[in-house]
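Heads up, the thing below is written out as structure tokens.
The values are calculated or read from the model by the stated rules, or taken from the named source; none is laboratory data. What you see is a predicted model; the values in this text were computed from it and never measured. A quick note on method: Cβ atoms are made from the backbone with ideal geometry, for glycine too, and the neighbour counts reach across all protein chains shown. Areas reflect the complete protein model, heavy atoms only, side chains present, ligands, DNA and RNA absent. Shrake-Rupley method; radii C 1.70, N 1.55, O 1.52, S 1.80 Å.
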Amino acid sequence: MSFVFPPHPVVSLPIAGTADRFPVRRIFCVGRNYADHAREMGAVDQADGREPPFFFMKPADALVSGEGEIAVAYPPLTDNLHHEVEMIVALGSGGANVAVDAAKDLIFGYAVGLDLTRRDIQGKAKEKGHPWDMGKGFDQSAVAGVLQPVALAGHPAKGRIWLTVNGQPRQDGDLAAMMWKAADIIANLSTSVRLEAGDLIYTGTPAGVGPIVRGDLLAAGVDGVGTLKARIV
Ligand code: MN
């Protein structure tokens, strides 16, 4: 058997402390997982605290990663590209209908990520009830730093999650403010699809999202997980 054209290379992430790489399968993202960001996006506060999490996806080959300054191409068809700093959960094993108590066992490690968003396209999609894909899943829309295995990072549940643009603070939140924690997210998502080794989950962004332009240097970090730098080119 041969392919009619060469198969695409496996998308992968660098891992701290080893030359081995993490092969990526799918990229899931959680929407509105921090109340302050939900409010800034105009979502109505729920009297009883939290709504069930909702998910969208990016193609695996939308991922750009690296250890140094990551070059990210400014995408077409937008005048309002936004940064969203997020903690990424990387799964080393899978399962369906995973119990919250067992969910951490699936986690291989954590990374700092950027969920880049064409906010103007996403906004029009929301108005019309259209899918978010072209607002969220464009080329190079998923930025990721070096993956920290659980053996190094543990399971970060609190600590700063922050982002600066050209040295100016834009986002500064705390993981403790996540409405749905990593284990909750895995348990919930696994009722909808069978999770597999290699899946990444972007766990949502705190308040302070905003526009970026060509030439901007983004720095971002999550306490205990690391930092990343990205240049918009
Ligand atoms: Mn996001």
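In this Cβ point-charge picture (+1 for Lys and Arg, -1 for Asp and Glu), the chain has a dipole of about 260 debye about its Cα centre. Kirkwood Rh over Cα pairs of the stretch 190-233 into Stokes-Einstein at 10 °C, 1.306 mPa s: D in µm²/s? For these conditions, the coefficient is 116 µm²/s. Ranked by the mean number of other Cβ atoms within 10 Å per residue, highest first, peptides 117-126, 21-30, 210-219 order as 21-30, 117-126, 210-219. Rg over Rh for the stretch 1-120 works out to 1.00, using Cα positions for both radii and the Kirkwood form for Rh.
Note on the stretch 101-216: Cα-Cα pairs beyond 17 Å make up 65% of the total pair count.
Note on the stretch 3-30 and the stretch 71-148: Cα centroid distance 15 Å, given to the nearest whole angstrom. When every Cα-Cα distance of the chain is counted in 5 angstrom steps from zero, the calculated P(r) takes the values 1, 7, 15, 19, 21, 18, 11, 5, 2, 1, 0, 0 percent.
What is the percent carbon and sulfur in the accessible area of the chain, measuring with a 1.4 Å probe over the protein chains and ignoring ligands? Answer for the chain: carbon and sulfur cover 54 percent of the accessible area.
Taken one residue at a time, the phi angles of the stretch 166-173 give Karplus couplings (6.51, -1.76, 1.60, θ = phi - 60°) of 6, x, 8, x, 10, 10, 8, x Hz. Gly and Pro are set to x. Solvent-accessible surface of the stretch 1-135, averaged per residue with a 1.4 angstrom probe and all protein chains in place: 54 square angstrom.
Using a Gaussian network model on the chain with a 10 Å cutoff between Cα atoms, which of 31, 145, 42 fluctuates the most? Result: 42 has the largest fluctuation of those listed.
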